[in-house]
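See below for the structure under consideration.
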Amino acid sequence: MREGPPSSSARAKRIFMPQLRMTGRGLWITVLIVPPLAFVALFIVYPIISAFAYAFFDWQGLRRGAFVGLENFHTVLFVEPYRSWTLNAFKNNVLVFFALMVLQNGLGFVLAYALWRELPGARFHRIAVFLPVVLSTIIVAYLFKLFLHPLFGVVNISLRGLGLGELAQPWLGQSNTALWSLIVAQAWHMVGFPTLVFLAGMQRIPSEMLDAVRMETQSEWVKITKIVWPLVAPSATIVFTLLFVGAFNWFELPYIMAGLDGSPFGSTDVLGLYFYRTAFGNVSAGQQNFGLGSALAVLIFIFIALVATVITVRLRAREIQL
Amino acid sequence: MSAGASTYGDRRGILGALGRDGLLQVILVANTVIMLAPIVIMVFSAFKTTPQIFQSPFGIPDFTQVANFAKIWSETNFLRYLLNSFFVTGTSMVLILTLGTMAAYAIGRYQFTGASFILMFFLAGLTLPLKLAIIPLFMLMRDLSILNNQLSLIFVYTAMGLPTTVFIMTGFIRTLPSELEDAARMDGASEARIMWSIMLPLVRPAMVIAGIQNVVPIWNDFFFPLVFIQNDSLKTLPQGLTTFMGEYTTDWGVLFAGLTLSAAPIIVIYILLSKQFIAGMTSGAVK
């Protein structure tokens with residue numbers, strides 16, 4: 001492994017070996033550590049490094065062609081029609097992220113606060129709110145797809161039954177409601193996660209601190225903004241970051257509910273679908289293109305890594321150590 | 001809400017608290033109804049005929065009417081998908097827990113050159129979205145000739161599960177007292193024997209947490225089978241579900257029965273072990 005003249009490597013070995021032999025553990029540690037390390041190296045680290053390399057080549061199907069420098073990046077960012085596809089998908093991801101910040105994390109905080117008070121039935125409510133989280137996204141997506149069916153879906157049937165027939169509409173079939181329908185389904189699926197992370201954060205707040213603030217003020221609002229919210233900041237850092245990474249990796253739910261093209265008319269297209277479609281092709285968009293796909297993957301990857309780091313650093317600064 | 005709530009609370013303490021708790025209770029009950037209603041409707045619909053679903057989607061069905069399930073049993077590959085999911089998930093979990101404990105034990109119990117670097121290496125895998133490396137992974141599986149083979153899934157799941165497992169287990173193993181270990185060493189027990197008979201029985205709680213954290217995403221995964229597996233008889237449950245849903249588009253009773261069957265195993269286990277599930281699945285986010 002070590003390169004250089006034989007003398008230096010021999011010296012390194014002489015320094016290293018006695019230590020191992022003395023304890024008799026060197027071989028044992030190697031036996032323990034090498035197999036797991038090999039798995040991570042081969043199936044995580046190597047593919048991710050390769051993904052960067054792939055983006056700089058021209059690909060014909062599964063065959064790697066010439067080195068093309070930054071051309072793939074240039075194509076997906078500046079050449080039509082890729083430029084508008086990239087932009088459209090990115091915009092939708094941004095909308096999804098902010099909408100879920102409110103619907104998933106915001107609601108999660110409110111629910112956590114309600115659960116924290118240990119009102120009657122809190123245990124049951126806690127189990128119920130987390131139940132959808134354990135379901136496969138595929139099940140959730142199909143379930144909502146059936147519920148939102150324009151004619152036979154339970155949503156439209158209920159609206160008609162309540163005399164609100166004019167509100168019944170093809171939720172997944174029109175551009176202005178499709179993405180929001182997906183967002184609501186996603187929020188239903190995952191709201192339990194931030195709820196219980198926030199709840200765990202609240203349960204760690206020392207009760208003396210709460211008693212102290214109760215002496216000062218009766219106001220619930222002051223208590224939440226001045227004590228609870230700052231003290232659950234570590235939980236907030238984590239759920240915000242995870243939501244960000246999740247929102248920009250969003251794939252399964254739109255894939256099932258809206259299809260690989262992000263129909264109708266690209267209104268539900270997100271980077272995950274667009275990347276997959278570009279890399280592996282589909283019935284309507286034709287052939288696969290690993291070069292452009294890899295360029296997209298690298299761009300998404302860098303974007304996620306940068307923003308996630310900024311979010312984490314900015315929010316960490318806000319955290320208070322107890 | 002802010003100003004109003006504060007003056008209200010100041011003026012009448014107990015009544016204010018009651019009103020506030022009442023509001024919170026209403027929120028909780030409403031939320032629980034919203035969380036459970038889709039699942040209840042799904043299960044109810046599984047026992048109805050398609051016309052019954054369209055006419056009375058909320059009606060309580062005749063639970064003895066299992067024609068939809070019988071149809072799934074006799075006409076589809078559903079059982080095959082279910083067994084495939086058990087096989088892939090089970091094998092991956094055995095590998096994850098074995099390899100993860102090995103690495104964590106080495107890092108957590110011994111001091112050696114590069115230990116912290118190796119831990120960093122594992123932790124790097126914790127945050128990387130592996131979906132974005134799907135193209136090189138696809139090529140790698142092709143080069144290993146395990147495309148359209150469940151080994152491709154098992155290997156990827158094992159690699160993905162190791163970072164969290166090593167992270168959780170290392171932290172736990174470090175907290176174990178060293179007296180027992182030292183005593184055994186004095187008595188001349190080998191390192192392997194110390195690990196197997198003395199330390200491993202103590203790390204079971206951490207293994208449960210790490211196991212649950214990984215088993216749910218692996219059982220539910222759809223993305224990797226979508227790319228790696230084409231052969232219908234090799235498909236896992238979420239992937240098989242897409243085939244199945246495509247075949248029975250108009251027979252809603254069968255569709256809901258299929259969804260119910262797919263959801264049933266994990267819902268039952270979750271209800272039995274909800275505490276461990278919640279602890280396990282949020283353990284990455286709760287310190």
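Read the figures in this text as sums done on the coordinates, not as results from a lab. Just so we're clear, the structure is a prediction, and the values are computed from it rather than from any experiment. Here the Cβ positions follow ideal geometry from the backbone for every residue, glycine too, while neighbour counts run over all protein chains shown.
In a simple Cβ point-charge model (Lys, Arg +1; Asp, Glu -1; nothing else charged), the protein assembly as shown has a dipole of about 1120 debye relative to its Cα centre. Per-residue 3J(HN,Hα) values for the stretch A:126-131, derived from phi via the Karplus relation 6.51 cos²θ - 1.76 cosθ + 1.60 with θ = phi - 60°, read 5, 5, 5, 5, 8, 4 Hz in sequence order (x marks Gly and Pro).
When A:137, B:165, B:175 are sorted by how many other C-beta atoms sit within 10 angstrom of their C-beta, beginning with the fewest, the order is B:175, A:137, B:165. For the residues of B:99-111, the average number of beta carbons from a partner chain within 10 Å of their own beta carbon is 5. The packing ranking of peptides A:192-203, B:66-77, B:177-188, B:38-49, highest mean first, is A:192-203, B:38-49, B:66-77, B:177-188, where packing means the average number of other beta carbon atoms within 10 angstrom of each residue. Using the rule -39500 (n - 2.57) for each DSSP H run of four or more residues, divided by the residues of chain A, the 222 nm mean residue ellipticity is -21000 deg cm²/dmol.
Ordering of A:302-308, A:147-153, B:209-215, A:103-109 by packing is B:209-215, A:103-109, A:147-153, A:302-308, highest average first (other Cβ atoms within 10 Å, averaged per residue).
The fewest-to-most ranking of A:159, B:79, B:97, B:153 by surrounding Cβ atoms within 10 Å reads B:79, A:159, B:97, B:153. The average projected area of the stretch B:224-287, computed from the convex hull of its Cα atoms over all directions, is 6.2 nm². Within 10 Å of the Cβ of each residue in A:53-59, the mean number of Cβ atoms contributed by other protein chains is 1. Ellipticity at 222 nm from helices only: DSSP H runs of n ≥ 4 in chain B, each -39500 (n - 2.57), divided by the residue count, give -24000 deg cm²/dmol.
For the residues of B:29-37, the average number of beta carbons from a partner chain within 10 Å of their own beta carbon is 6.
Shape descriptor for the stretch B:21-92: Rg over Rh equals 1.17 (Cα atoms; Rh from the Kirkwood inverse mean 1/r).
Pairwise Cα distances in the stretch B:77-247 exceed 22 Å for 51 percent of all pairs. In order along the stretch A:57-63, the Karplus-derived 3J(HN,Hα) couplings, from 6.51 cos²θ - 1.76 cosθ + 1.60 at θ = phi - 60°, round to 10, 8, 10, 10, x, 8, 9 Hz, and Gly and Pro are given as x. The ranking of B:198, A:238 by Cβ neighbour count inside 10 Å, starting from the fewest, reads B:198, A:238.
Distance between the C-alpha centres of the stretch B:162-241 and the stretch A:29-59: 21 Å, rounded to the whole angstrom.
3J(HN,Hα) couplings calculated from phi for the stretch A:199-210 with the Karplus curve 6.51 cos²θ - 1.76 cosθ + 1.60 (θ = phi - 60°) are, in sequence order, 4, 4, x, 5, 5, 8, 5, x, 5, 4, 5, 5 Hz; Gly and Pro show x.
How would you classify the stretch A:75-318 from its alpha-carbon gyration tensor, with a ≥ b ≥ c the square roots of the eigenvalues: rounded for a/c under 1.5, else prolate if a/b is greater than b/c, otherwise oblate? The shape class here is oblate. Under 5 Å from the amide H of residue A:57 lie the amide H atoms of A:68, each residue being 5 or more positions distant or on a separate chain, with H modelled from the backbone and absent for Pro and chain starts.
With coordinates expressed along the principal axes, the C-alpha atoms belonging to the protein assembly as shown extend over 88, 69, 54 Å, beginning with the largest.
Taking a quarter of the surface of the Cα convex hull of chain B gives a mean projected area of 24.0 nm².
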